[in-house]
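Just so it is clear, none of the values below were taken in a lab; they were calculated from the coordinates. In this text the structure is predicted, and so the values were computed from the model without any measurement. Reconstructed Cβ throughout: ideal geometry from the backbone, glycine too, with neighbour counts over all protein chains shown.
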Amino acid sequence: MTTAESTLRAEAPRATASARQGFHREGRAAYLFLAPSLLFFCIFLILPFLFAVVLAFSDWGGFDLGTIEWAGLKNFSDVLRFDGTFVKPILVNTLLFAFGSVALATIGSVLVAYCIDRLSFQGFWRVLYFLPVVATVVAIGNVWKMMYQPAGLINGILNKLGANSIGFLSDANYALPAVTVVHAWASIGGAVLILTAGLKSIPEMYYEAAEVDGANTWRMFWQITLPLLRPSLLFVLITQFIGGLQSFALIIVMTTDGGPVNATNVAAFEMYQQAFKFGAWGTASAMAMVLFVVILVITLLQLYVARRRGEETS
Amino acid sequence: MRRRFPWFAYLVVILGGVAMVMPFLDMVMSSFKGAGEYGVLPYKLLPESFSLDNYRAAFEQLELVRLFRNSVIVTISVTVSVLVTSSMAGYALAKLRFRGRAVIFRFILATMMLPPFLLLIPTFLIMLNWPLAGGNDLLGRGGDGGLTTSLLALILPFTVSGFGIFLMRQFMVSLPDEMLEAARIDGANQWQIWRLIVLPQTKPVAITLGLITFIGMWNEYIWTLLISSSDPDLQTLPVGIQLLQSFLDPDRTMPIVMAGLVISTLPVLAVFLVFQKYYVRGVVLSGLK
């Protein structure tokens, strides 16, 4: 992004006196080229965003815009009440789901990308890990739902090993971890792709120098690979967190209603149900705003920590 | 040096690879299981005889042809639209000089940061109150469903992509100015330059963007579920298949669902495998810039 901005600045002075006439005509052409996109953003981005903000502060049940009423912070105080269900368990579930799947997917993808980088047929392995990204969430959700059944693949393996069957999706203790694992499984492929590209950009000579100094593989991984992989790793962490905090398609497919008893209910799903099951636009929009702020805070926190760490090591 | 300890690397990658492929294998195998073979203990991966009954049932109960048609219409329309609008806007931001360019570019970057769930409710209400659609008057009132009863409702909210504009712009910046200048001296207008000089050269990035959009739309679920909940004629493959599963006895229908999923996954898998090189590059490009 910094390169993009610097080229913008470097090109600006080119509009010298001789070119000024053309500048005018180019401006008209440019806005014609941009018109469809700008019109779209007005209707499907700016307008809905403002509408979402208004809704979060209003009391409105039906579809008639005439009955919309200003409610102040009431929706927020309803949503954030500690004896309600939104903060606990729903927001807590959201964080557990996001943290859990990001941790699993990051550790998994670093390990896999590091190993793939040492093998031949790298393209084949990357495509293999990328398969879940190509499949629809309906396929992923249903296949795993099937594998989690009492007579499914995973319990079949457990039984072979002499363990008892587990009701992965029916037992409130297991349901959230069960869907978290699926989300992590589905997002490893994208992370592996970005991390292998990051690994390729680490110069071979660093490893050679370390080897001359007698470092073992373990130390090289911690002292060379991980620090130099940090930009790609940060990108993976931030995008996966943003994805994990707002994703609920998988949970709709696997549990239908966020059950058993809210055990797998997450904030974006609760917003969806409040809005489209109960028509509580105001409450739902307040939930959306709260989740938006949570995502923003977590993203900024990661950037801040990354920058602090960067200053320490360099 | 990097090739040291490959046995350990092979072990990790192969074990992980099995975990990646097993669910898909289970999906395909279950779709061939005959009556009374699914959902019985002990679990068996392979079907006793490869039965095609589930595929027949999928075609009968699912109206697969209609779902397929809707999926194709929506996916193709959105992909074409995103390609055209992104390359137009990308060209303006990369190669034309005009007041407000930096501001608009920054705005495009900012659009990518708004999470989709935030816009879900208001966008639905906007579609519902769309002026002059579905019996609505000029102010969007009085009608029955507005735009939500038309396939347009599934297409319109995805017709422009901030990410697409960004990707195109980044690629077009590196095209040589001299060539565009030469065309201008020969008397070509901006439209002709875009159409005849710039577009042919953006082929690789256009394939990348087209593929990402195609796969994303083919698999789109939440918005389509919402819009088609009042009008089943608008269902696409993922939504139609999922609804079959939730209504009937799961042990009986799951194998049929699996058959439907195999059919719906094959086209996108084929497209991905043919163009995977471009997809990989697109993800990397968007990740590291």
* To do: Quick one: of A:Lys145/B:Lys44; A:Lys145/B:Lys33; A:Lys160/B:Lys33, which pairs are farther than 19 Å apart, Cα to Cα?
  => A:Lys160/B:Lys33
* To do: Give the distance, in whole Å, between the Cα centre of segment A:226-274 and the Cα centre of segment A:193-225.
  => 32
* To do: Kindly put B:Thr123, B:Thr236 in sequence by how many other C-beta atoms sit within 10 Å of each C-beta, fewest to most.
  => B:Thr123, B:Thr236
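Where does each of B:Arg101, B:Arg252 land when they are ranked from fewest to most other beta-carbon atoms within 10 angstrom?
Numbers: B:Arg101 19, B:Arg252 13.
Result, fewest neighbours first: B:Arg252, B:Arg101.
From the helices alone, meaning DSSP H stretches of at least four residues, give me the mean residue ellipticity at 222 nm for chain B, per-run term -39500 (n - 2.57), in deg cm²/dmol to the nearest 500.
After summing the helix terms and dividing by the residues of chain B, the value is -21500 deg cm²/dmol.
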* Asked: Under 23 Å from the Cα of A:Lys74, which lysines turn up, not counting those fewer than eight places away in the same chain?
  -> A:Lys88, A:Lys277
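In terms of the Cα gyration tensor, with a ≥ b ≥ c the square roots of its eigenvalues, is chain B rounded because a/c is under 1.5, prolate because a/b exceeds b/c, or oblate?
oblate
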* **Other protein chain Cβ atoms within 10 Å, averaged over every residue that makes up B:14-20** => 6
* Structure fact -> GNM of chain A, Cα pairs under 10 angstrom: of A:Gly84, A:Gly214, A:Gly279, the biggest fluctuation goes to A:Gly214
* Structure fact -> Ranked output for segments B:68-80, A:223-235 by mean other Cβ atoms within 10 Å, highest leading, reads B:68-80, A:223-235
* To do: List the residues whose amide H sits under 5 Å from the amide H of A:Ser58, counting only those 5 or more places along or on another chain, with H placed 1.01 Å from N in the peptide plane.
  => A:Ala71
* Hey, how many Å between the Cα centroid of segment B:132-211 and the Cα centroid of segment A:109-147? -> 32
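Where does chain A land at 222 nm, in deg cm²/dmol rounded to the nearest 500, when only DSSP H runs of n ≥ 4 count, each adding -39500 (n - 2.57), divided by all residues?
Calculated at 222 nm, the ellipticity per residue is -22000 deg cm²/dmol.
Is there a simple number for the mean count of other chain Cβ atoms within 10 Å of the Cβ of residues in A:200-208, and what is it?
Per-residue shielding by partner chains comes out at 1.
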* Asked: Within segment A:257-314, which trypsin sites (Lys or Arg not before Pro) sit in a loop by DSSP and count at most 13 neighbouring Cβ atoms inside 10 Å?
  -> A:Lys277
* For chain B, size of Cβ-based charge dipole, Lys and Arg +1, Asp and Glu -1, in debye -> 1520
* **Backbone HN-Hα couplings from phi across segment A:91-105 [Karplus 6.51/-1.76/1.60, Hz, Gly and Pro as x]** => 5, 4, 4, 4, 5, 4, 4, 5, 4, x, 6, 5, 4, 4, 5
* Count, for each residue of A:189-196, the Cβ atoms from other chains sitting within 10 Å of its Cβ, then give me the mean as a whole number. => 3
